[in-house]
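Engineer: Here you go, one structure.
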Amino acid sequence: MAQGQTRNRKLIPQASQAMEQFKWETAAELGIQVPQGGYMGDLPSRVNGAIGGNMVRKMIAAYEQSLAQGTVPPTPQVTNKQPTP
């Protein structure tokens, strides 16, 4: 990701650290070696896409599992509107 890019913001800022940890765990499960320092810009987009795709799959599976157990997790309201600084 280019320095100074601001479009890729977390919708729930409090989840930022947990999402980073989730990304590294998913990469490890796929056998992807994360470079020292965590910069992944040198990895092919196919590798980074695999990480993101598997993260989404796992999140959907967790939501489906909760629905199957009869619990409905709260769904945050999401808009495409950018927050004002």
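The values are calculated or read from the model by the stated rules, or taken from the named source; none is laboratory data. Since we're looking at a predicted model, the values are computed, not measured. For neighbour counting, all protein chains shown are included, and Cβ atoms are generated from backbone atoms with ideal geometry for every residue, glycine included.
Engineer: Scan the stretch 1-25 and report the pairs whose first residue is closer than 20 Å to residue 60 by Cα and of a type in the set (A, V, I, L, M, F, W, C) and whose second residue is modelled with pLDDT of 70 or more and assigned to a helix (DSSP H, G or I), with Cβ atoms within less than 7 Å and a gap of 6+ or a chain change.
Structural biologist: What qualifies is 22/55.
Rundown of residues vs (1) of a type outside the set (A, V, I, L, M, F, W, C); (2) outside any loop (DSSP other than H, G, I, E, B); (3) in contact with a Gly (Cβ under 6 Å, 6 or more places away or on another chain), yes/no style:
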| site | (1), (2), (3) |
| --- | --- |
| 19 | no, yes, no |
| 23 | yes, yes, no |
| 27 | no, yes, no |
| 31 | yes, no, no |
| 40 | no, no, no |
| 58 | yes, yes, no |
| 67 | no, yes, no |
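Engineer: So is residue 46 loosely packed, with under 10 Cβ neighbours inside 10 Å and not in a loop (DSSP other than H, G, I, E, B) or not?
Structural biologist: Values: loosely packed, with under 10 Cβ neighbours inside 10 Å: yes; not in a loop (DSSP other than H, G, I, E, B): yes.
Here the answer is yes, as residue 46 does meet what is asked.
Engineer: Another question, if that's okay. Looking at (1) over 16 Å from the mean Cα position of the chain (by Cα); (2) within 22 Å of residue 8 (Cβ to Cβ), can you tell me which one residue 55 breaks?
Structural biologist: Going through the list (1) over 16 Å from the mean Cα position of the chain (by Cα); (2) within 22 Å of residue 8 (Cβ to Cβ), residue 55 breaks only (1).
Engineer: Kindly provide the set of residues from the stretch 29-38 that are more than 19 Å from residue 62 (Cα to Cα) and either modelled with pLDDT of 85 or more or surrounded by 10 or more Cβ atoms within 10 Å (Cβ to Cβ) (or both), ordered by number.
Structural biologist: Result: 31, 32, 33, 34, 35.
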